[in-house]
């Protein structure tokens with residue numbers, strides 16, 4: 001990369017907008033999202049993409065790995081993949097928030113690590129097999145899902 005290119009990227013980043021391909025732009029965040037704001041953005045994205053049986057689990061005080069865990073299902077491997085791609089893309093595009101994603105190629109169980117919120121998207125059969133929410137939920141949260 002040329003020195004001029006690096007300087008241009010620095011100028012663009014400090015101006016508040018980073019170009020990412022023709023006709024699109026990422027807006028640099030004014031501030032970091034709180035875990036609660038991030039959770040609400042994730043829940044809205046999952047709702048927009050018709051994720052089913054969405055459960056949110058408050059992990060504060062249980063572990064230091066994240067503040068919240070969200071577990072949901074897609075109706076098929078294809079929908080699981082689409083839900084995950086759109087969520088990661090929205091967070092990156094709208095809030096310059098990067099996420100790590102694992103398992104997208106299989107489409108059975110995809111984990112998205114957004115930092116303060118861990119998202120698991122399953123096919124229903126796989127979710128029923130692992131019963132992940134039972135490990136982390138309080139009895140009231142588990143009962144509300146049944």
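Rule-based calculations on the coordinates, nothing more; no lab input. Just so we're clear, the structure is a prediction, and the values are computed from it rather than from any experiment. All Cβ positions, even for glycine, are placed from backbone atoms using ideal geometry, and neighbour counts span all protein chains on display.
One table, with the values for the structure above:
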{"item": "Fully extended contour minus Cα-Cα distance, from residue 53 to residue 134, at 0.36 nm per residue", "result": "27.8 nm"}
{"item": "Å³ per residue enclosed by the Cα convex hull of region 33-145", "result": "95 Å³"}
{"item": "Label-point separation in nm, residue 113 to residue 78, each point 7 Å along Cα→Cβ", "result": "3.1 nm"}
